[in-house]
Structures are given as C-alpha cells and as structure tokens.
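Remarks on the structure that follows.
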Amino acid sequence: MIDTSPAPLFILSFRQRDELAAIAVAAGWQVVAARRGAGVARRFLGSGAPVAVVDARGSLNEGLDAAQALSGVIGSNGGAMLVLVSRGDVDAIGRFYDAGATHFLASSFSDTEFTQALRFAARHAERMAGEWQASAPPDPLGWRLDLRNRSVVLTPAFARLLEIDEEPSPRALLRTLDLPERRAALTALRRLSSTRHATAFAHDLSSIGRVVQHLQHDEKARRIDALVEPLGSAPDSVAAMREALAGVRDAGGARRWIDRRLGQSAGGTLTVLLIALNRFEVVNTAYGRAAGDGLLRAAYRRIEEIARETLERGVLVARMGGSEYLIASEASRERIDLAVEHVASALARPFVVGDSIAVLGCRIGMAERGDEDSAATLLRRASEALADAKASDSATVRVAEAGEDDAPVDRLAAELRQAIDQGDIDILYQPQVSASTGAIVGVEALARWDHATLGMIGADALFAAAARADLEIGLSDHIQRIVMARAAAWPAALAGLRLSLNLTAGDIARPGFADLFLDRIDASGFPRNRLTLEITESGLIEDLGIAATLLATLRSAGCRIAIDDFGTGYSSLAYLKSLPLDYLKIDKKLSQDITGTPRDRVVVRGVIDMARSLGLSVIAEGVETVEQLDLLAKEGCQYYQGFLCSEPVDVATLMRLVAGDS
C-alpha cells in the first residue's frame, strides 16, 4: 500500500504568491492551489486536504469572504483553517475567528514559522477528525513514480478507480489515458526539472469526469508525487456537511425528501419556499458568531412552529446553509399563502441578541412543482425567485410558476451534458479580414448547437445554460479540444489563417490553467504562433492581477492576446494598462456608431488612436456596411469581421471564401 504522504494542503492566495506553495512543498506537503474565492468550499472538499490556508495579506475583504465560505466545511469535516494577515491587519483576526478560522500568522514571517504553523494546524485537524469520522475526507487519489527504478505505486482508491494493480508499470498507467491526453501527461512530466518542481495537467476519467493531476518533483528523494483532484461537484463522501443546528434537517436531507415526494405522488402538488433572513451578517459581525448561531436557532423555531400549525402533515422544514431555510409542503396553495404571510410576520418581529434587540425580516422565494421537476430543478427555480425578491426594493415574496414559462436556458441546462457527450456542439468560423486588402487573414471560432426544437443556439446561451448546469469548465474544455483538433486538421488552403479562440472567466480562475492549456495546444498539433486568445472584460473584471500573469505566460509561449468587446465595460482603460495585449477588438456597437453623429465618430477615433499608440492592432466587430468599413479604415482600423464579409460558416464555406479572396 502506498504511503499517502505528502499530505494534501489547500492554499488560497489572491495575489499569486507562489512562494507559499514552494515552502509547503519543501516541507513535504502536496499543494492544491486556488487563486479566487468562487467555489472555494467545493474545491477544498474535493482536494481532500485537512488544512486550508487563506492568504489574506493585501486582500482582507476577499480573505474574510473566503473564510466565511470555508467555515462550514472546516467545522463539519474536522479540518483547520490557517489565515495569513498583513501586520497592519492584525486587528481583523477577531473577525476571521468569528468567520471560522482556527489558526493565524501575521507577516512578515520566516519559512520556518510558516511551516510550523502548518504543522500546528495539521495537528489540530487530526484531533478534530476523530470527532467527525462520519464526514472524513475521501481516500486520496494519486500515485508515486520512483525515478531510480522507474517503479509506480498507486493509492488504493486510485487503483480501484482505474481498475488496475496498485503497482503497475509506467506504460500500463499511461495506457489508462487517451492518446492526446497521454501526450499531455508526458509533456507535463518533461516540464519537471531541478528548477521547476511542480506542474499540472488535466484529463477525463470515465468514472468521475474531469480531473487535474498535480505533479511535484522531489529532487532529493528522486521521485514524482501526483495528487489527483476531481473537478466539478465534491465527492459524495464529503458533500453532505454536518448541520450546525442540532436537530435541524440539512440541505442534502431536504433534497432527498423532495425527490421521494416527487416520485411518490406523480401529478400531486408540492411547493418549496426558500426563506432568507435580512441583515443577518450585520448582526453576526456586530455581536459575534455565538450570538449569530443563537439567532439562527430562534429563527428556525419560529419557522418550524408556523409550518407545523398551518401546513399540518406532509411538511418539511430544513436549514439550507448560512441564513437560509426551506419549507416544502404538499398543502394547498391557500395554506401555503397563509404560511408565507405568517412566516414573514414572525421573522419581522424583533429578536433578542444578548442585551440588545435586532430586527431582521426576510425575503421568500416560492416554486410549485412542474411535470418534469426534480428536487434540483424545483429548488433552483425557488432560488431564482428568492434572488428576485432580494433584488427588489419592496417585495417580500416572489413566485416562480412551474410549466411552459420556464426560461429556455433552463431547458438547455438539462440537455447540455448529453449534447457534449454526443458531440452535438459544433464550431463555425467567422472570417477576420484585412481592411486594406480585403483578404481573409484569420477566423474566430464560435460554438453553436443546432438544437432539435430551439434551433441554432449561440455561445452566450450555451454558457448561460452551462452555468445553470454547473458545466462551465466542462463545456469550455470540450470546445477548446474540438477547436484545436479541427484546426490542426485544416487543409493546406487554410494553413495561413490565424485562429481566435475565446477564454472564459472560469478558465482564467483555474489554478494551473496556463500549463493545462498549452498542453492542449501541443497535443493537438496546432502551432502556438497562429493562435489568438480572446478575453472579454466580464471574464477579467474581478481577477485583473491573476489574468495579467496568466496571459503573460500564454503570450510568452507564443500565443497572441486580444481584448474582446472593447468599450462595453467601465474597466477598459485599466485593462489596457495592465494586460499584455496584441489586439484590441472594438465592440460592434462602437463599430456601427461610426456612421452616426460626429460625436460618435470622435469616440471611435479616440479608441483606435489610443490602441495604436499602445502598439495594438485594431479589429472592428459587427461591420455590416461598406460605409462603416470605409470610415473605420480611414480612422486606422486594420481588420474587421462581420456580415459585410460573412456570417459564421463551416470549413467548406470558409475554403470557398478564402479561394475567392486569392
């Protein structure tokens, strides 16, 4: 059986501080790194790490948000949370403690001090783990390669997953990968050296989906250790978190209850209410975590009492996490409306917090079952109704009615995974044209889905559906793979064209994405120097520093970088100053405004002049008329794309267009 050391360690650092990972690796840890707080609880659970490090130095608010997001899973799974703060922020340690942190370290600190803090945190996690055996982390997935004798040993869990021996030959382990991913694995292994001790690559496992293998080279021991991190939803063994309120049904139990009721009473009524307390975080911050927990219990008692009195049999009350509660009932709509009225009234009454009085109130989202509803879809619609209520200045209750009025994107989400698996997502290409010669010099790859009932669906709707289905990374990976593979197989007539490919916000936030993406390019055989990566403002706005580092890595590897839809967001100038760019793509609204008023033309001229003074080439999007093209060319725009040349087309049509240009 493989020695499972080095133990996994989860590090969240908002300022790209790779030295933390280097110190931890030198101390014998296997690091899983994250660069943004979104989805941090799920990633920590998936890592199997007993300790989470939150580097809040220079990122106090982001660190507090992350600590709050992690507090539930840390407490529920018997882990530890080490928070790093700047010397000037030591006064915030109390706030981090209230948010669930267990250990702290203030800068500046030595490597030894950081290592010792990790050991204290790990010891705490070991003690706590004994109290929470029912929710212990899953068995680790990984392997070790001894470079001295080329022997491989797998963890038992990984061997079971791959259905191979725990001590296979290196060749047998490689054969578990498809050929392109085998190349990516070998490329990642070759990247490891005396100066580069860690890297990663991604691939699919049929049993659990997409995974990332984090590789670390121990030069002294002459071995390579790999930790396999599943992406997407957390493993079942750790997904059901212990409920902080004794005796309260948790979110997992609520979903199972709803699914059973939906299965037992086909066509019957079932209504879900999601109830969110107003201003709870203000009270929690002002009075502390203990007072906040007491307030949550008091709110639950009020909700439960009303549900039992007004809805009688066939009712469920649960706490879904944070300050949100659920009531699910098979009662009539009249009784449901009565319960809503009483709950809103009860939660508007003051709560006693210590020696003070707190007035909270609530917002409620309601959804009634539809013919095709599962627990997941019913709860999602209730969540959307709750979000609408929260966004309203006056509404306490919002209702999402079941039936045919569901948004098309909801229907797409349910079908998207099957479309990906069956290869129904296609790629079209919109030509990019030289404004001076009229020659097609490149194309932008655009995802399309020819849906059986909804017709042709573009990339925006696709990714909106993917967000609902938690498939954003899976969809992005799928599109990137098929775009690169198809472009690598283009006929000689298209060999001179540049290929533009969009990266998403999720791509930018993924730890190790640069290595993973470069592996994907190399495995496809498409030349890096003919690839342009397009980034939209919406994909960068929260992570400008991380994006700049990522794009600099990709650019130094031979790719070119374009900022897409320029002029649609308020942060455009910050992007021009901070990011390593080659192209600026003018949003189609700006391009079309050039034929408007003199003032419109001055604005477009200013954008083009600014871009060219920074050494950027300018591409105008959405060009539809000869007049627009003439004016854009006169102002110095070098390239354009739009219906004036062509709509997005398949490869055969693209070849005819290119042949017509030559």
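A single member of 252, 232, 263, 247 is surrounded by fewer than 14 Cβ atoms within 10 Å (Cβ to Cβ) and either touching an Asp or Glu at 6+ places or on another chain (Cβ under 8 Å) or at pLDDT below 75 (or both), and it is 247. Filtering 311, 296 for residues that are touching a residue at least 24 places away in the same chain (Cβ under 8 Å) and either open to solvent by 70 Å² or more (accessible area, probe 1.4 Å) or under 21 Å from residue 398 (Cα atoms) (or both) leaves a single hit, 311. Does the range 461-483 include one or more residues that are assigned to a strand (DSSP E or B) and among the polar types (S, T, N, Q)? No.
Looking at the range 143-180, which of the residues that are open to solvent by less than 30 Å² (accessible area, probe 1.4 Å) and assigned to a loop (DSSP other than H, G, I, E, B) is nearest to residue 524 (Cα to Cα)? Taking the candidates together, the pick is 177. Applying the criterion of being under 16 Å from residue 555 (Cβ atoms) and hydrophobic (A, V, I, L, M, F, W, C) to the residues of the range 569-609, the residue that is modelled with the lowest pLDDT is 576.
Within the range 82-128, can you find the residues that are touching a strand residue (DSSP E or B) at 6+ places or on another chain (Cβ under 8 Å), among the hydroxyl-bearing types (Ser, Thr, Tyr) and closer than 15 Å to residue 51 by Cβ? 102, the sole residue that qualifies.
One line per residue, one yes/no per condition, for (1) in contact with a His (Cβ under 8 Å, 6 or more places away or on another chain); (2) surrounded by fewer than 17 Cβ atoms within 10 Å (Cβ to Cβ):
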| position | (1), (2) |
| --- | --- |
| 185 | yes, no |
| 193 | yes, yes |
| 202 | no, no |
| 209 | no, yes |
| 214 | no, no |
| 217 | yes, no |
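Within the range 316-338, which residues are modelled with pLDDT of 85 or more and within 13 Å of residue 257 (Cβ to Cβ)? Across the range 316-338, the qualifying residues are 316, 317, 318, 326, 327, 328, 329, 330. Looking across the range 323-338, the residues that are touching a residue at least 12 places away in the same chain (Cβ under 8 Å), open to solvent by 10 Å² or more (accessible area, probe 1.4 Å) and of a type outside the set (A, V, I, L, M, F, W, C) come down to 323, 324, 330, 332, 333, 335. Going by what's in this entry, would residue 613 be described as under 30 Å from residue 449 (Cα atoms) and out of contact with any His (no Cβ under 9 Å at 6 or more places or on another chain)? Here the answer is no, as residue 613 does not meet what is asked. Can you name the residue in the range 275-297 that is among the basic types (Lys, Arg) and under 13 Å from residue 351 (Cβ atoms) and, of all such residues, is modelled with the lowest pLDDT? So the residue we want is 279. Counting only residues that are at pLDDT 55 or above, open to solvent by 50 Å² or more (accessible area, probe 1.4 Å) and closer than 21 Å to residue 25 by Cβ, the range 112-139 holds 7 of them. Residue selection: residue 302 satisfies the criterion of being modelled with pLDDT of 85 or more, touching a Leu at 6+ places or on another chain (Cβ under 7 Å) and not aliphatic (A, V, I, L, M). Return yes when residue 341 is part of a helix (DSSP H, G or I) and at pLDDT 85 or above and no when it is not. Against the criterion (part of a helix (DSSP H, G or I) and at pLDDT 85 or above), residue 341 does not qualify.
Here residue 429 passes the criteria (1) in contact with a helix residue (DSSP H, G or I) (Cβ under 8 Å, 6 or more places away or on another chain); (2) at pLDDT 85 or above; (3) outside any strand (DSSP E or B) except the one numbered (3). Scanning the range 51-71 for residues that are in contact with a Leu (Cβ under 9 Å, 6 or more places away or on another chain), part of a loop (DSSP other than H, G, I, E, B) and either surrounded by 24 or more Cβ atoms within 10 Å (Cβ to Cβ) or on the phi > 0 side of the Ramachandran plot (or both) gives a single hit, 56.
For the range 6-49, filtered to residues that are part of a loop (DSSP other than H, G, I, E, B) and among the aromatic types (Phe, Trp, Tyr), the residue that is modelled with the lowest pLDDT is 14.
The values are calculated or read from the model by the stated rules, or taken from the named source; none is laboratory data. Because the structure is predicted, anything quoted here is derived from the model rather than measured. Here Cβ is always computed from backbone atoms with ideal geometry, including for glycine, and neighbour counts include all displayed protein chains. Ligands, DNA and RNA are stripped out before the accessible areas are found, and what is left, the full protein with its side chains, is counted by its heavy atoms. Shrake-Rupley method; radii C 1.70, N 1.55, O 1.52, S 1.80 Å.
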